[in-house]
Amino acid sequence: MTNDAALLALAALAHPTRLDAFRQLVQHEPEGLSTGQLVDLSGLTQSTFSTHLAVLAKAGLLQTEKRGRRFIQRADIDALRALMLFLARDCCQGRAELCEPLLAELACC
């Protein structure tokens with residue numbers, strides 16, 4: 001991941017509505033949520049929420065698939081993984097044992 005891609009992803013997640021939506025999508029992997037379900041969870045109007053989805057999609061954090069008449073939104077787990085690795089890759093001057101508590105916490109969930 002490049003600095004520019006990381007900045008785009010972090011900027012997309014730096015808004016409460018988008019962060020909440022992305023976290024909801026991560027929780028509902030691999031089936032995803034319909035756009036309508038996300039709108040209902042957000043409490044916003046469809047048009048306002050669509051703008052937030054567009055920002056997440058532009059940042060590469062979101063995948064949309066059409067199922068019948070519904071659009072299903074899914075978190076791009078590969079993009080999330082890339083962002084997390086980008087942030088932690090050079091952690092602790094190469095001393096992996098210092099990151100083990102973080103990895104253990106992620107593994108438990």
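We did not get these values from a lab; they are worked out from the coordinates using the rules stated. Just so you know, these numbers come straight off a predicted model, no measurement behind them. We place every Cβ from the backbone using ideal geometry, glycine too, and count neighbours over all the protein chains shown.
Listed values for segment 58-73 are Karplus-derived 3J(HN,Hα) couplings in whole Hz (6.51 cos²θ - 1.76 cosθ + 1.60, θ = phi - 60°), namely 4, 7, x, 9, 9, 10, 10, 10, 9, 10, x, 9, 9, 9, 9, 9, and x replaces Gly and Pro. Shape class for segment 18-63, computed from the alpha carbon gyration tensor (a ≥ b ≥ c): oblate, with a/c not under 1.5 and a/b at or below b/c. Dipole magnitude for the chain: computed about the Cα centre from +1 point charges on Lys and Arg Cβ and -1 point charges on Asp and Glu Cβ, it is near 460 debye. Overall shape of segment 3-107 was characterised from the C-alpha gyration tensor. The equivalent ellipsoid obtained from it has semi-axes of 29, 15, 12 Å, in decreasing order.
Going by a ≥ b ≥ c, the root eigenvalues of the Cα gyration tensor, does segment 67-109 fall in the rounded group (a/c under 1.5), the prolate group (a/b larger than b/c) or the oblate group? It is oblate, given that a/c is not under 1.5 and a/b is not larger than b/c.
The 3J(HN,Hα) values that the Karplus relation (6.51, -1.76, 1.60; θ = phi - 60°) gives for segment 26-39 are, in residue order, 4, 5, 9, 6, x, 6, x, 10, 6, 4, x, 4, 5, 4 Hz. Gly and Pro appear as x. Only helices enter the 222 nm calculation for the chain: every DSSP H run of n ≥ 4 contributes -39,500 (n - 2.57), and dividing by all residues gives -17500 deg cm²/dmol, rounded to 500.
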